[in-house]
Amino acid sequence: MNTPDSSKKRPMSQIASRCEDMKIDVKRPKLERLDAEPMLLLPPFRQTPGPITVSQTYVRKTNSGALGGRSEGLRAWELTIEEKEVTAPSMENHDVGNSFSPLRRSWSNSFDADEANLAAPKSRRVTVEDVADEGEVVEGGGRYFQQCSDAGWTLREGETEFERYRKYKEGMGEDEWAPFCDEEEWGLAEWLVKSLGQTRTDEFLKLPITQNRMQPSFHNNRSFLKKVDELPHGATWSCKKISVQGNRTDEKGEPLHEDVELWMCNPVECIKDLIGNPLFKDHMVYTPAHWWCDMQKKLPVGATIAPIILATDKTCLSQFRGDKSAYPVYLSIGNIAKEKRRQTSARATVLIGYLPSGKLDCFTPDEHSLASYRLFHHCMSLLLQPLVAAGEDSVEMVCADSLIRRVYLILAAYVADFPEQCLVACCKENRCLKCVVAADERGNPLDSPMREPAVIKGILEKRKTGHHPAEFEEFGLRTVYAPFWANLPHSNIFLAFTPDLLHQLHKGIFKDHLVKWCLDIVGEEEMDARFKAMPDYPGLRHFKKGISMVKQWTGTEHKEMQRVFLGLLAGAVPSQVLVVARAILDFSYYAQLQVHSTESLNGLESALAIFHANKAILQELNVREHFNIPKLHQLSHYVQSILLFGATDGFNSELPERLHINFAKEVYRASNKRDYEEQMALWLQRQEAVFLRGSYLKWLLEWSQSAPTNFTHCDRGYDSDSDSDSEMEGPDAVPVNTLPILPEQQTVHFLAKTPAYPQRSVQHLVTAHGASMFLPALKLFLRNHMPHAIITPGLQDHFDIFRQVVITAPPNPLVSESPRQWRVRAMPEVLPGRGRKPGSPAKFDMALISNGIQLRTLEGMRVGQVCVIFTLPCQFGTYSRALAYIEWFTPLREPDRSSGLHHVSRSTRRLHRNAAVIHVDEIARPCHLIPKMGQAVDHGWTSANVYELASDFYLNTFIDLDTFCMSAID
């Protein structure tokens, strides 16, 4: 077998030749690399503590040595590992006074915590004062409501990396912009790194206007990258090369082998960066509850746990052609609030490695899957090896509050889709990866025992030694004898698997099953017609061609369908099928809440129980033979996971999908597409250096404002990638509220500063807005609110008309910590203009009216259609509050027994539509009505005219989570 000489490094000339036109410079920063050695994959994975030297090969065990044989009728391919420790360059040969950079991990992996630190009492504790409401399980901020007092004790005071770097810069006599000249040059450098590639950067820097007017200190791309490489960066990337020998042979009879690369960062160093980032100080917690508190009892008193959240997901890199892929591994810690973890721009979830994504063509098809499973676990073992000692013995870390704690790094949660979870759990995909329920009983609501790591390891150990325990087949295990989680201290991988809303609920149960069942009952043509006739709503996607024409589905389309699906089915399916659909949607919406209470958890269990009680109707209609659906069974574990780890939105696999853009796809596009893993690691290290400098400057500004000093500081913050929304009240909007409201209860209505349609006549309102009862309604309003007005409104009057009102309301903690914002539109039809300018249909939105009282439930609310938003002209006197002409619907009736939706219809008075003029600030929020379509929808109905043609409607409580909470949670 031919293998590369492990003592040789890849020539830099080869690297430079294939990096000719990409965003990186191969000379800096240096990445550690280890070429392949012969590897022998004998049973099992050898687990040797500490730095070891190992070779890796795939070896076949047979009865006679022939390729076709297998011991006791079974083929076994096993992996034996020989690895070489790859470490960062030592600091011993560096002149600390001249070149020390405290943020560069490749120079210093740790520091003496006692140096220059003031002693702090050991009993000093940091606690969180926020307390959840009574009955609450998890607070919206991602922090657990019950604090454990014997955790998070501090050892002494320390200095964060930013604090040490600031002192280093002061000692060197450098300003904060070095190695760049000033703030403007740093801004240019930041833009170049984030926006341009190597070729474009070179072209830009060679422009005459750049050289003659801007005159930066770097004149081409090479000199620019040299300056970027002087910036401190995070954990250093290194590579371990693994040579895999398969069971196929070449024409000479020699075993084929394939070399794969594992690119990785030290996860302990990455966690140090996260827990010690001062920008996370206000989003960090060190005292636990639930799973965290139970784990705390196994550790010394006062210990701090960093609950590790891992996520893996293989993704395709190439588009339209090629089969390039990457296998990123992401890491975060549960100490950081979930709102911050979910912000991709905050970098609270970091990339720690790329697993090999090779094809393993050296194996025959029947052995390929098992070989890839074992390779995955072997590489994850190498990647997570530093966590073994850190979880057993702890590591002293400087936390974001500048206090040193003894931190235990323990794997707590693992985010992945179902096939990936089965890969990690070493079980087949036709079994539950959390409990030991039988394969043919997953469709029943059973309470099966949970899988235990020690038990599973014992079964695998027996199987490895040639025994055949019955549990091996009963539990659906695979012959992966050395799972990566086997030696991780204090971890339970089976409890660590978190609910996956995207793949289990939105795509799995809803799209792949419920929608398919209903399509079989209703028919594709009728279903499409119902989607086409769905009324408009701000932000709602209209499937104007139906759903059968959608070729590529994403999580967004799945959630958009859920918003209207129940009301759309009413009348088209038997009532018991409607109950089944309602149960699934209830479960989906309860599961998406960001704060859970006893009521919401009971709602989850009740919805699942209702589904199981009524699912037999699908078998009676011959749309489903059985319910042994893996994703359906996973729903039975949701409540347990929420009680252990908090709301599901903190562990959704949508975040890794989003991170693929930043850490895989964009990085790949920056390479020359050959040997791209190395180029990707270098590119990421430069991007991280620029991001780290921006974070440091932002912290420096905050520090200088809170602690005045003679040190020169920057004049502005750097948060160029902030995920927060822009100001809700723009320069062209003014609030219309006049009543004083407490800030925490404030709901504000905004109108544009200038009306969209000034001085419109009453006749225009009647014809364009359909406001047939405008004058009678306005007269009644003036009698009630301006009894002393002399002038009576008539056809001669003109009014300033507005397109919409924007409503901002305090956040609903069940849904989000961000303020809520809605639009209520009253827009007349716009005819097509000249050329290709299209027109648009009229949009007169439905709204919930509350008489100015903001209610949390639907009780006391009434539906009205907003047709005109206007202000009174001056001849009627001074009146500062904006008004709206609405047409009432009947009060909400009792919910339908099958769908649970409230029924409403248009209200009439004296054979005319019941209309009124109200204050704009009496509009609580928009709502959505779905027409009662019956068994077959009227094909004359369209999204634009259905509100006028239909007579009976359902109030759609699934239009968003906020409306769902109003209807389902008291």
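Residues that are farther than 20 Å from Ala882 by Cβ, buried (at least 19 other Cβ atoms within 10 Å of the Cβ) and either in contact with a strand residue (DSSP E or B) (Cβ under 9 Å, 6 or more places away or on another chain) or not assigned by TED's automatic domain parsing to the domain that holds Ala647 (or both) are absent from region 820-840 altogether. Residues of region 865-883 that are among the β-branched types (Val, Ile, Thr) and buried (at least 23 other Cβ atoms within 10 Å of the Cβ): Val866, Val868, Ile869. In region 926-946, of all residues being surrounded by 21 or more Cβ atoms within 10 Å (Cβ to Cβ) and of a type outside the set (Val, Ile, Thr), the one that is nearest to Leu765 (Cα to Cα) corresponds to Pro926.
If you go through region 605-639 and keep only what is within 21 Å of the chain's Cα centre (by Cα) and not basic (Lys, Arg), you end up with Gln634, Leu635, His637, Tyr638, Val639.
Report yes if Leu814 is in contact (Cβ under 8 Å) with a residue 24 or more places away in the chain, under 30 Å from Thr648 (Cβ atoms), aliphatic (A, V, I, L, M) and buried (at least 16 other Cβ atoms within 10 Å of the Cβ), otherwise no. It would help to see each step written out before you state the result.
Details: in contact (Cβ under 8 Å) with a residue 24 or more places away in the chain: yes; under 30 Å from Thr648 (Cβ atoms): yes; aliphatic (A, V, I, L, M): yes; buried (at least 16 other Cβ atoms within 10 Å of the Cβ): yes.
Here the answer is yes, as Leu814 does meet what is asked.
I'm checking my understanding of the structure. Among residues of region 944-970 that are acidic (Asp, Glu) and assigned to a helix (DSSP H, G or I), which one is nearest to the chain's Cα centre (by Cα)?
Out of the qualifying residues, it is Asp962.
Could you grab the pairs with beta carbons closer than 7 Å, sequence gap of 6+ or different chains, first residue in region 523-542 and within 15 Å of Ala944 (Cα to Cα), second one among the basic types (Lys, Arg) and in a loop (DSSP other than H, G, I, E, B)? Pairs found: Lys532/Lys544.
I'd like the full set of residues that are under 28 Å from Thr312 (Cβ atoms) and out of contact with any Leu (no Cβ under 6 Å at 6 or more places or on another chain), limited to region 222-240. Before the answer, list the steps.
Narrowing region 222-240 to residues under 28 Å from Thr312 (Cβ atoms): 233-240.
Of everything in region 222-240, those that are under 28 Å from Thr312 (Cβ atoms) and out of contact with any Leu (no Cβ under 6 Å at 6 or more places or on another chain) turn out to be His233, Gly234, Ala235, Thr236, Ser238, Cys239.
Give Arg463, Arg478, Arg451 a once-over and let me know the one that is out of contact with any His (no Cβ under 8 Å at 6 or more places or on another chain), surrounded by 19 or more Cβ atoms within 10 Å (Cβ to Cβ) and closer than 30 Å to Ser394 by Cα.
Values: Arg463 fails: closer than 30 Å to Ser394 by Cα; Arg478 fails: closer than 30 Å to Ser394 by Cα.
One residue alone meets the criteria, Arg451.
Within region 426-445, one or more residues are without any contact (Cβ under 8 Å) to a residue 40 or more places away in the chain, outside the structural domain of Thr304 (by TED's automatic domain parsing) and either surrounded by 16 or more Cβ atoms within 10 Å (Cβ to Cβ) or more than 30 Å from Leu256 (Cα to Cα) (or both).
Residue-wise test of (1) in contact with a Leu (Cβ under 8 Å, 6 or more places away or on another chain); (2) modelled with pLDDT of 90 or more.
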{"residue": "Ile404", "(1), (2)": "yes, yes"}
{"residue": "Tyr408", "(1), (2)": "yes, yes"}
{"residue": "Pro419", "(1), (2)": "no, yes"}
{"residue": "Val437", "(1), (2)": "yes, yes"}
{"residue": "Asn444", "(1), (2)": "no, no"}
{"residue": "Pro453", "(1), (2)": "no, yes"}
{"residue": "Thr479", "(1), (2)": "yes, yes"}
{"residue": "Thr498", "(1), (2)": "no, yes"}
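Among the residues of region 908-917, those identified as in a strand (DSSP E or B) and surrounded by fewer than 22 Cβ atoms within 10 Å (Cβ to Cβ) are Thr908, Arg909, His912, Arg913, Ala916. Looking at region 807-906, the strands (runs of 3 or more DSSP E) lying wholly inside it that each contain 1 or more residues that are under 19 Å from Ile959 (Cα atoms) sit at 820-827, 846-849, 862-871, 902-905.
Please enumerate the residues belonging to region 573-624 that are of a type in the set (Gly, Ala, Ser) and either out of contact with any Cys (no Cβ under 9 Å at 6 or more places or on another chain) or modelled with pLDDT under 95 (or both). Step through it out loud before you land on a result.
Kept after step one, since they are of a type in the set (Gly, Ala, Ser), are these residues of region 573-624: 575, 581, 583, 588, 591, 597, 600, 603, 606-607, 609, 613, 616.
If the condition is that a residue be of a type in the set (Gly, Ala, Ser) and either out of contact with any Cys (no Cβ under 9 Å at 6 or more places or on another chain) or modelled with pLDDT under 95 (or both), then Ser575, Ala583, Ser588, Ala591, Ser597, Ser600, Gly603, Ser606, Ala607, Ala609, Ala613, Ala616 are the ones that fit.
Counting only residues that are in contact with a strand residue (DSSP E or B) (Cβ under 9 Å, 6 or more places away or on another chain) and not in a helix (DSSP H, G or I), region 353-399 holds 18 of them.
The values are calculated or read from the model by the stated rules, or taken from the named source; none is laboratory data. The model shown is predicted, which means the values in this text are computed figures rather than measured ones. Counting neighbours? That spans all protein chains shown, and the Cβs are built from the backbone with ideal geometry, glycine included.
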